[in-house]
Amino acid sequence: MTQVPDENGRFGKFGGRFVPETLMNALLELEESYNQNAADPSFQEEIDYLLKQYSGRETPLYYAERLSQHLGEAKIYLKREDLNHTGAHKINNAIAQGLLAKRMGKKKVIAETGAGQHGVATATVAALLGMECKVFMGEEDTKRQALNVFRMKLLGAEVIPVTSGSRTLKDAGNEALRYWVSNVDDTFYILGSAVGPHPYPMMVRNFQRVIGDETRRQILEAEGRLPNILVAPVGGGSNAIGMFYPFIEDKEVAMVGVEAAGKGVDTDFHAATMTKGTHGVFQGSMSYLLQDQHGQVIEAHSISAGLDYPGVGPEHSYLKDIERVKYVPISDQEALDALQLLCRTEGIIPALESAHAVAEVIKIAPKLTKDDIIVICLSGRGDKDVESIMAYTGGVQS
Amino acid sequence: MNLMDQTFEVLKSQNRTALMPFLTVGDPDIETTVEIIVQLEAAGADIIELGVPYSDPLADGPVIQRASQRALKHGVTIRTVMETAVKARESGVTMPFILFTYFNPVLQMGLDLFFKEVQTHEISGLIIPDLPIEESEDIRRRADEAGVSFIPLVAPTSNERIEKIVSNASGFVYCVSSLGVTGERSSFHQGVEEFIQTVKKYTNIPVAIGFGISTQEQVAHFSQICDGVVVGSAIVREIESVIPLLNDVSTRQEGLLQIREFVAQLKA
């Protein structure tokens, strides 16, 4: 397989840099600086130090025995990204981009956030590195996630409610890009997913591949062989690409990306970009996109704020088209059921995003044998979702 | 040489600078847009940018974002905008039309169909703000073949990219006055005059400036050093402010006149 992306940030036909000229210089500067630092071992050492001492890596690869038994014969492992500092894989990327910002001499960072996980991770890193931090968040989301807004403020960040468009994650991303255009001189944009213009999808992938690299080492240690199937949730797709990337060349490892079907892929309320989307340009790159026939972007829906996004990372679109990764939809209800099953069999409350991956495993595991090994990327913990789960289920658990 | 090139030639021979308004087509509705275009020409506009509303306009500030949202409520598409150009022509407007659109609507229409339609809908130039030179090769070739100018944007931060961007450009070069999105502002990027001189060093085609220009003083200032001055958000804001007048039959003419006077005083 050829190395992707190419020098123009293309993963096959996807990716690229579809941005106003006012941003091009900043993106080229970022790319150059990233490439220089990526080649400097001391940069990776700094990242590794903070991932270990600050965030608590490596995260365990946990054999979920009771869940496995409940679902049949296959062995199911959970990659415990939920045990990271701030509760999700988002911190891996935020630490690395924060350190890159520091090396570039930038004193201010900005970020977009949906539910607030990436915003909290960025605010955390900004506090750690002594940087000024602004987080753009859709006004709707600031209401739905008031606790995370307060968390970010507690960490010293300024939260800017975005009132344009649909007032959710995609608009927060637009507004962060707009702000960045005006303030490129002293500001670094810590983008939270493997989306956006080149070099972000490549950079975020490389900052998240620690998930897959550790998993590979850990599963070889535990089982003496690679897993049969990797399953990860996909919104923009940063945890999934981080998990998948180190296994791309291993043909015997199947990979499944799980996207949000919301109320169903045949309703108007889903975020199933791969299942229902078409090729389009959105927030700086070519990828699959939920859009109408005239190219206007359609609002996504999912119970999980982290998957509630009409686009998807360009490398995922590429992996779909070359048929290396299979992408499947999981509904709100299936994810909620899976969340409860994991709570009761393992005592782990997963994030709603991660529950989508668990739900897919509930579907496929019973068809597998005792020789099969599945690894789920448990991208985050569910504390942040408890309130919305309670609202959704009316507080009554069956 | 298309209509826009001819217009610049005539203006040059008269030692005049083009006043180039922008509006979002379908704001507040299609019929009114056609009437506004007529008024803008009467007020002294030389070339007009017809904006295609888009759900995620990355290069635009709040004023044009709001206009986009109003227009999208009427289901305005790229085709509607082209049809509006034809309607304006039929209403007696003689100035050249530039189609301003983000790339995704073009992509969804399909490039073959898009360029075919552009040719038959009175369009002289294209501005696609999210298509930098690295991504626009195919479009530039197709635009050339269609006899339509693909107008490149250059920014104060373009630096060593300027030469590459403008050397093969046609129509005119659109200089972005300052970093940021569209919208009125009182100050521009430091060294904007020097920036324009740099651009002129690498090209002989007309050079226009835009982003943030809203007052008669600013228009007069930039008219001395540029071949064209684009006024966008200030006009869109003016349109926004008279929507209540436009929506009422008894005050509609008053609203149109107010827009016309605003644009006329820019040129005074």
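Could you list all residues from region A:271-292 that are touching a Gly at 6+ places or on another chain (Cβ under 9 Å) and either assigned to a loop (DSSP other than H, G, I, E, B) or surrounded by fewer than 20 Cβ atoms within 10 Å (Cβ to Cβ) (or both)?
Selection gives A:Ala272, A:Gly277, A:Gln283, A:Gly284, A:Leu290.
Do any residues in region A:77-89 that are closer than 19 Å to A:Ala222 by Cα have Cβ atoms under 8 Å from those of residues that are among the β-branched types (Val, Ile, Thr) and not in a strand (DSSP E or B), where the two are at least six apart or on different chains, and which pairs are they?
Every condition considered, the pairs that remain are A:Tyr77/A:Ile219; A:Leu78/A:Ile348; A:Lys79/A:Thr59; A:Lys79/A:Ile211; A:Lys79/A:Thr215; A:Arg80/A:Thr59; A:Glu81/A:Thr59; A:Glu81/A:Ile211.
What helices (runs of 4 or more DSSP H) lie completely within region B:207-248 and have 1 or more residues being among the charged types (D, E, K, R) and more than 12 Å from B:Ile196 (Cα to Cα)? Give the derivation first.
Numbers: elements: B:216-223, B:233-241, B:243-246.
Answer list for region B:207-248: B:216-223, B:233-241.
Name the residue that is nearest to the other protein chains (Cβ to nearest Cβ), counting only residues in region A:148-194 that are aliphatic (A, V, I, L, M) and assigned to a loop (DSSP other than H, G, I, E, B). So that I can check it myself, show each step before the final result.
Taking region A:148-194 first, the residues aliphatic (A, V, I, L, M) are A:149, A:152, A:154-155, A:157, A:159-160, A:162, A:169, A:172, A:176-177, A:181, A:184, A:190-191, A:194.
Next cut, assigned to a loop (DSSP other than H, G, I, E, B) only: A:155, A:157, A:184, A:190-191, A:194.
Numbers: A:Leu155: 28, A:Ala157: 22, A:Val184: 7, A:Ile190: 18, A:Leu191: 14, A:Ala194: 19 Å.
Across region A:148-194, the extreme among qualifying residues is A:Val184.
Which members of region A:198-215 meet the condition of being under 10 Å from A:Phe244 (Cα atoms) and either free of Cβ contacts under 8 Å to residues at least 60 places away in the same chain or outside any helix (DSSP H, G or I) (or both)?
Of everything in region A:198-215, those that are under 10 Å from A:Phe244 (Cα atoms) and either free of Cβ contacts under 8 Å to residues at least 60 places away in the same chain or outside any helix (DSSP H, G or I) (or both) turn out to be A:Arg209, A:Gly212, A:Asp213.
Check whether at least one residue in region A:117-133 is surrounded by 21 or more Cβ atoms within 10 Å (Cβ to Cβ) and in a strand (DSSP E or B), and report yes or no.
Yes: region A:117-133 contains one or more residues that are surrounded by 21 or more Cβ atoms within 10 Å (Cβ to Cβ) and in a strand (DSSP E or B).
Condition check: in contact (Cβ under 8 Å) with a residue 12 or more places away in the chain and within 29 Å of A:Ile373 (Cβ to Cβ). Does A:Val234 satisfy that? Steps first, please.
On the way: in contact (Cβ under 8 Å) with a residue 12 or more places away in the chain: yes; within 29 Å of A:Ile373 (Cβ to Cβ): yes.
Taking the combined requirement at face value, the residue satisfies it.
Does region B:70-85 contain any residue that is closer than 30 Å to B:Gln216 by Cα and at the interface with chain A (Cβ under 9 Å from one of its Cβ atoms)?
no
Go through region B:57-76 residue by residue and tally those that are without any contact (Cβ under 8 Å) to a residue 24 or more places away in the chain and within 16 Å of the chain's Cα centre (by Cα).
Of the residues in region B:57-76, 1 are without any contact (Cβ under 8 Å) to a residue 24 or more places away in the chain and within 16 Å of the chain's Cα centre (by Cα).
Looking only at region B:141-160, filter to residues that are within 20 Å of the chain's Cα centre (by Cα) and within 14 Å of another protein chain (Cβ to nearest Cβ); which one of those is modelled with the lowest pLDDT? Even if it seems obvious, please write down each step before you answer.
Initial filter on region B:141-160 (within 20 Å of the chain's Cα centre (by Cα)): B:143-144, B:146-156.
Next cut, within 14 Å of another protein chain (Cβ to nearest Cβ) only: B:150-156.
Working: B:Phe150: 98, B:Ile151: 98, B:Pro152: 97, B:Leu153: 97, B:Val154: 97, B:Ala155: 94, B:Pro156: 91.
By that ranking, first place goes to B:Pro156.
Within the set of pairs 6 or more residues apart or between chains, which connect a residue that is closer than 11 Å to B:Thr94 by Cα inside region B:35-46 to a residue that is assigned to a helix (DSSP H, G or I) and among the hydroxyl-bearing types (Ser, Thr, Tyr) with Cβ atoms less than 8 Å apart?
Hits for this filter: B:Ile37/B:Thr84; B:Asp46/B:Thr7.
When the residues of region A:94-105 are filtered to those that are surrounded by fewer than 22 Cβ atoms within 10 Å (Cβ to Cβ) and either closer than 19 Å to A:Asn183 by Cβ or among the aromatic types (Phe, Trp, Tyr) (or both), which remaining residue is farthest from the chain's Cα centre (by Cα)?
Going residue by residue through region A:94-105, those that are surrounded by fewer than 22 Cβ atoms within 10 Å (Cβ to Cβ) are A:99, A:102-105.
From the residues that got through so far, the ones that are either closer than 19 Å to A:Asn183 by Cβ or among the aromatic types (Phe, Trp, Tyr) (or both) too are A:102-105.
Details: A:Lys102: 23, A:Arg103: 24, A:Met104: 25, A:Gly105: 27 Å.
Filtering first and then ranking leaves A:Gly105.
Hey, can you tell me all the residues within region B:18-32 that are of a type in the set (Val, Ile, Thr) and crowded, with 24+ Cβ neighbours inside 10 Å?
Kept after step one, since they are of a type in the set (Val, Ile, Thr), are these residues of region B:18-32: B:24-25, B:30, B:32.
Of everything in region B:18-32, those that are of a type in the set (Val, Ile, Thr) and crowded, with 24+ Cβ neighbours inside 10 Å turn out to be B:Thr24, B:Val25.
Does A:Ala271 satisfy the condition of being within 14 Å of another protein chain (Cβ to nearest Cβ), touching a strand residue (DSSP E or B) at 6+ places or on another chain (Cβ under 7 Å) and not polar (S, T, N, Q)?
Criteria not met by A:Ala271.
Within region A:238-289, can you find the residues that are under 30 Å from B:Met109 (Cβ atoms), free of Cβ contacts under 8 Å to residues at least 40 places away in the same chain and either among the charged types (D, E, K, R) or outside the structural domain of A:Tyr309 (by the TED database) (or both)?
A:Asp266, A:Asp268, A:Lys276
Filter region A:252-270 for residues that are over 14 Å from A:Ala240 (Cβ atoms) and assigned to a strand (DSSP E or B) and give the result. Steps first, please.
Residues of region A:252-270 over 14 Å from A:Ala240 (Cβ atoms): A:252, A:261-270.
Correct list: A:Ala261, A:Gly262.
Looking only at region A:383-394, which residues are closer than 25 Å to A:Val120 by Cα and surrounded by fewer than 22 Cβ atoms within 10 Å (Cβ to Cβ)?
A:Asp383, A:Val386, A:Glu387, A:Ser388, A:Ile389, A:Met390, A:Ala391, A:Tyr392
The values are calculated or read from the model by the stated rules, or taken from the named source; none is laboratory data. Just so it is clear, the model here is predicted, and its values are computed rather than measured. Every residue, glycine as well, gets a Cβ built from its backbone with ideal geometry; the counts of neighbours run over all protein chains shown.
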